[in-house]
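Report on one structure; see the data block that follows.
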Amino acid sequence: MVVVLKKLTYGALLSPSDASEEFREGVIKCFRAMLLNLLPCSDESCACKQIFGMPMLLENRDLKDPLSRSSKYDSEPDECLLAFLQSQAASAAVGHWLSLLLNAADTEAARGHLGSARLRIEAFMTLRVLVAKVGTADALAFFLPGVVSQFAKVLHASKTMTSGAAGSGDAIDQAVRGLAEYLMIVLQDDANLSRLDMSVTVTSESNLKNYESTQSLMDELRKLPVKAHGPSKMVMEDSSNKVIPTTSQSEKKTDSGKGDRSLHVDRTNDWIEKTSIHVDKLLGATFRHICIHPAKKVRQGLLASIRGLLSKCGYTLRQSRQMLLECLCALVIDDSEEVSTGAQESLRNLFTLIGENQLGHDVAQIFTRLIDKLPKVVLGSEESLALSHAQQLLVIMYYSGPQFVVDHILQSPVTATRFLDIFSVCMSQNSVFAGSLDKLIKSRSSSVVYLDSLSELKAGTNITSDCLTIMAAVPQNSKIKDIQEKGIPYASNDAQKNYELPHMPPWFFHIGSRKLYEALSGILRLIGLSLMADIKNGQHLSLITEIPLGCLRKLVSEIRMKDYNKASWHSWYNRNGSGQLLRQASTAVCILNEMIFGISDQATDFFTRIFPNSRKRRKEVRESGAGFAGGQPFEIESSVLCESSWKVLQDEGLRSHLIDCIGRILHEYLSHEVWELPTEHKSSGIHPDHEAEDVSVNFFQDTAMLHQVTIEGIGIISICLGGDFASSGFLHQSLYMLLENLVSSNYHVRSASDAVLHILAASSGYPTVGHLVLANADYVIDSICRQLRHLDINPHVPNVLAAMLSYIGVAYKILPLFEEPMRSVSVELEILGRHQHPELTIPFLKAVAEIAKASKREACSLPSQAESYLLDVKARIHDMEKKVDDDLLMSPVDSEQWESILFKLNDSKRYRRTVGAIASSCIMAATPLLASGRQAACLVALDIVELCVLLVHPMMNEHFLPHFYI
């Protein structure tokens, strides 16, 4: 072996200019083949029996060639070759080959795109085999600083190198596994416990206090000079309480001579402590970035490395244990199913031990540190790090359970307020201006702005055309027919497919990606869910929700003060802090929405999608050999599933408390002051022309975003409560407000209203929005009549009425309810009304056109209904005439039948008169405007008159009335 090793060493020393890539790769493969053929001897007491002999994190794909086995005819050497590799005599050769393999890999990386990634992979793989064949901490401890620093250099370069030999994913995977295997051998707990003067069971600080007196006595003895016959030696102690031995000049000369110096280090307590500190710095600087490496193989290698280090070096590397747990949490929500499944199983097994071996203390410290650093990373320039950080916090909370969340966040109003303030900073609109300049430039591209404006104009034109178009009001042609909810309670198809709730707030598009918001919102949903996972914690829900509600109440109070002082919107918004208060209210509403959604049943589907049950993949993980610890596959033990602890308890008292709490939130959402905020220059609150010119556009944008998230909050509340939303009276409170916002000047507000109306219809059990409005028409019409009496402060009512009738498509079914609104509309279209509100003439005509269209449909259907009923009545009369005239008295059954016929005739007559009255009101209101000088008003009035004439004609037909009507 020595001769072969000498020849291979000469070949490995050749540079790329002296030998080809294939030759240098062949040398490394030959050396690895020689190592793989070194098998344990037959002596049971030999040192070779103490090692596993193969890399502990080896995967089946790493070694394509089958391992050779010794035959019974092969002669066994006189000396065990594996024991020779572990001896001091082979230390120089082992160290030389470690250096050669690392230098070969580094040379290929330095050559850039000319370097060979395959040779680099072979070098790292061969190094892993060499380390496994040596296999003892005593033989490898001396080379640990050089090997670990070189591996750290490789991993550090992987953050910036994505191509070439240095950026090869397979090479980085081999480097990560090689580093972990080296540390698992040298720093394993079993090999170092005796030198650390402790046992596995003695880990608490209380047990260490027993040795304080002895330790203080030994410290005093170390300060004394040592007198001996040999060279003098003094033991000194620096200011940091570190023991520093100082030797005399004669001893230094002796050590620097050509004496026998073995490549061996005593693994003392001090050496282990210093080494673990340096290793912790190197791992912390590299592992966190590898968690977000784009190559799946690299993340798989990191997962296997973390498993091995936690299982083998959990106490020796206790300073790195929290960092390893953080990396493991980041891998739980990985894009790769294999990585996330393995990380979830590992974390489940670890969390079953919370409270033992200080794991619970580590988790609490990680949780606190992640919360404190969250605003810094979210507002930073690296979104990948922010996403990983938020996902780690989400995983820690989910696997720790609701009681852990309550104890560390919601235990007092101070900690809860601090936590929500942190999230207010992370999700606020002020974060739009944070991050790198490149992200800001990309988010404000001119072409994107123009495209958004065009799409908004197009959407506005569609809504206007829907209101102006006069067409037959047939249900199957209505817009609602094409947009129906099918099985999904919080999302409709086609038109609402891309608008599912909860929706990412409009300002967050400029802060981060949808994945980042999903992680942040998941944390808030767990906060809400933790309050409902236990009956005693449910009482905290109202206290916690009061914190973000304070921002909304403060905004309402400021608007009331503005109205009291009769200040303009321009002066109010430009006042110091008003704009910030408006944006804070939007952020608070967004936080409340996510917390409420966490209580709903749909939140379970969200967490199931992020944390799927990976039991079905346990067999695949075992068979793939994804990770080995101590020569055995990483065992996946049965764990307590976290899903059961996050289930919301079905308690009547808790449900009642939830409804009361949501009622207070909805009261603030529907506050008049919130919807009084203008969204455009033409809003009712802005009268003077000079004020309209001075008001900032940012004010209208901030208001529109507040209205959008508030409307989405109403939809989320309906998702959370289900049928209780209508039974508690919340539907009647919010329905008209949603219909009002269908004519909002902002496209996003209109879209949110449309989406929430579909959600309300689905959660209330109605197939379409038209059926929802039809079932609650009396409340809607009553609100319209109330606002028609005060047009000065409600100038949007005509547009709301027209849009509602066109939108729901079932106006003909609620036609009798329009008799009172039509009288108010007719008054407003008279000369005096047109003089007081000239800008409302065309909106009122649009509403009259929709009412006339519904009346025409009913008028066309009444004659056929009357004729069919006439035939039925004639048949009944004919049957009566056939009866015997002897019995002059009518039977009770016949009496009831004729009574019901009479009632139905009276109802039909009354309904016909109602339709006629509405038609006559439409004609009287529109006829004077035929001579209007405004072309739009004249054309709409002409359409109304034409519709009314067509509907009056069938009603005046002589065949329309049966003879028994007279």
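Restrict the check to the range 115-123 and report whether at least one residue is among the charged types (D, E, K, R), farther than 16 Å from G11 by Cα and open to solvent by 20 Å² or more (accessible area, probe 1.4 Å).
The answer is yes; a qualifying residue exists.
Across the range 404-423, what is the number of residues that are without any contact (Cβ under 8 Å) to a residue 60 or more places away in the chain and aliphatic (A, V, I, L, M)?
Going through the range 404-423 one residue at a time, the tally reaches 2.
How many residues does the range 551-561 contain that are surrounded by 14 or more Cβ atoms within 10 Å (Cβ to Cβ) and free of Cβ contacts under 8 Å to residues at least 24 places away in the same chain?
1
Of the numbered conditions (1) buried (at least 24 other Cβ atoms within 10 Å of the Cβ); (2) touching a Cys at 6+ places or on another chain (Cβ under 9 Å), G135 fails exactly one; give the number of that condition.
In the conditions (1) buried (at least 24 other Cβ atoms within 10 Å of the Cβ); (2) touching a Cys at 6+ places or on another chain (Cβ under 9 Å), G135 misses (1) alone.
Just the residues that are crowded, with 21+ Cβ neighbours inside 10 Å and over 13 Å from F151 (Cβ atoms), please, taken from the range 103-114.
Result: A104, E108.
Between L57, L100, which is at pLDDT 85 or above, closer than 14 Å to G178 by Cβ, surrounded by 16 or more Cβ atoms within 10 Å (Cβ to Cβ) and touching a helix residue (DSSP H, G or I) at 6+ places or on another chain (Cβ under 9 Å)?
Only one candidate passes the filter, namely L57.
Exactly one condition in (1) under 19 Å from F351 (Cα atoms); (2) of a type outside the set (K, R); (3) open to solvent by 60 Å² or more (accessible area, probe 1.4 Å) is not met by S381; state its number.
Every condition holds for S381 apart from (1).
Could you list, in sequence order, the residues of the range 8-51 that are more than 18 Å from L130 (Cα to Cα) and touching a residue at least 60 places away in the same chain (Cβ under 8 Å)?
Scanning the range 8-51 gives S15, P16, E21.
Please work out if L829 is crowded, with 21+ Cβ neighbours inside 10 Å, closer than 14 Å to L845 by Cα and either among the aliphatic types (A, V, I, L, M) or touching a residue at least 12 places away in the same chain (Cβ under 8 Å) (or both).
Against the criterion (crowded, with 21+ Cβ neighbours inside 10 Å, closer than 14 Å to L845 by Cα and either among the aliphatic types (A, V, I, L, M) or touching a residue at least 12 places away in the same chain (Cβ under 8 Å) (or both)), L829 qualifies.
Only residues that are under 10 Å from A141 (Cα atoms) and open to solvent by 70 Å² or more (accessible area, probe 1.4 Å): list them for the range 265-281, please.
D266
Residues of the range 742-767 being in a helix (DSSP H, G or I) and either hydroxyl-bearing (S, T, Y) or open to solvent by 20 Å² or more (accessible area, probe 1.4 Å) (or both), which ones?
Of everything in the range 742-767, those that are in a helix (DSSP H, G or I) and either hydroxyl-bearing (S, T, Y) or open to solvent by 20 Å² or more (accessible area, probe 1.4 Å) (or both) turn out to be V743, Y747, H748, R750, S751, S753, D754, A762, S763.
Please find, among L721, L735, L739, the residue that is over 18 Å from Q602 (Cβ atoms), open to solvent by less than 10 Å² (accessible area, probe 1.4 Å) and in contact (Cβ under 8 Å) with a residue 60 or more places away in the chain.
Selected residue: L739, the only one of L721, L735, L739 that is over 18 Å from Q602 (Cβ atoms), open to solvent by less than 10 Å² (accessible area, probe 1.4 Å) and in contact (Cβ under 8 Å) with a residue 60 or more places away in the chain.
Hey, can you tell me all the residues within the range 544-595 that are assigned to a helix (DSSP H, G or I) and of a type in the set (D, E, K, R)?
Answer for the range 544-595, where residues must be assigned to a helix (DSSP H, G or I) and of a type in the set (D, E, K, R): E546, R553, K554, E558, R560, K562, D563, R583, E594.
Taking the residues in the range 827-853 that are assigned to a helix (DSSP H, G or I) and charged (D, E, K, R) as candidates, determine which candidate is farthest from the chain's Cα centre (by Cα).
Checked the range 827-853; the qualifying residue farthest from the chain's Cα centre (by Cα) is R834.
Of Y564, Y517, which residue is among the hydroxyl-bearing types (S, T, Y), surrounded by fewer than 19 Cβ atoms within 10 Å (Cβ to Cβ) and at pLDDT 85 or above?
Y564
Would you call I366 under 17 Å from L324 (Cβ atoms), modelled with pLDDT of 90 or more and open to solvent by less than 70 Å² (accessible area, probe 1.4 Å)?
Yes: the conditions hold for I366.
Pick out the one residue from G178, G167, G146 that is surrounded by fewer than 14 Cβ atoms within 10 Å (Cβ to Cβ) and modelled with pLDDT of 75 or more.
After applying the criteria, what remains is G146.
Do you know which residues across the range 77-87 are within 56 Å of the chain's Cα centre (by Cα) and either in a loop (DSSP other than H, G, I, E, B) or surrounded by fewer than 14 Cβ atoms within 10 Å (Cβ to Cβ) (or both)?
S87
State which residue is surrounded by the fewest Cβ atoms within 10 Å (Cβ to Cβ) when the search covers only the range 794-822 and only residues that are at pLDDT below 75 and assigned to a loop (DSSP other than H, G, I, E, B).
If we take residues in the range 794-822 being at pLDDT below 75 and assigned to a loop (DSSP other than H, G, I, E, B), then V810 is surrounded by the fewest Cβ atoms within 10 Å (Cβ to Cβ).
What number of residues within the range 520-539 are out of contact with any Phe, Trp or Tyr (no Cβ under 7 Å at 6 or more places or on another chain) and either surrounded by fewer than 21 Cβ atoms within 10 Å (Cβ to Cβ) or at pLDDT below 90 (or both)?
The total comes to 10.
Kindly check whether there is at least one residue in the range 150-173 that is under 18 Å from T126 (Cβ atoms), outside any helix (DSSP H, G or I) and among the hydroxyl-bearing types (S, T, Y).
Checking the range 150-173: at least one residue is under 18 Å from T126 (Cβ atoms), outside any helix (DSSP H, G or I) and among the hydroxyl-bearing types (S, T, Y).
The values are calculated or read from the model by the stated rules, or taken from the named source; none is laboratory data. Keep in mind that what you see is a predicted model, and the values were worked out from it rather than measured. Positions of Cβ are backbone-derived with ideal geometry, glycine not excepted, and every protein chain shown enters the neighbour counts. These accessible areas exclude ligands, DNA and RNA; they are computed on the full protein's heavy atoms, side chains included. Shrake-Rupley method; radii C 1.70, N 1.55, O 1.52, S 1.80 Å.
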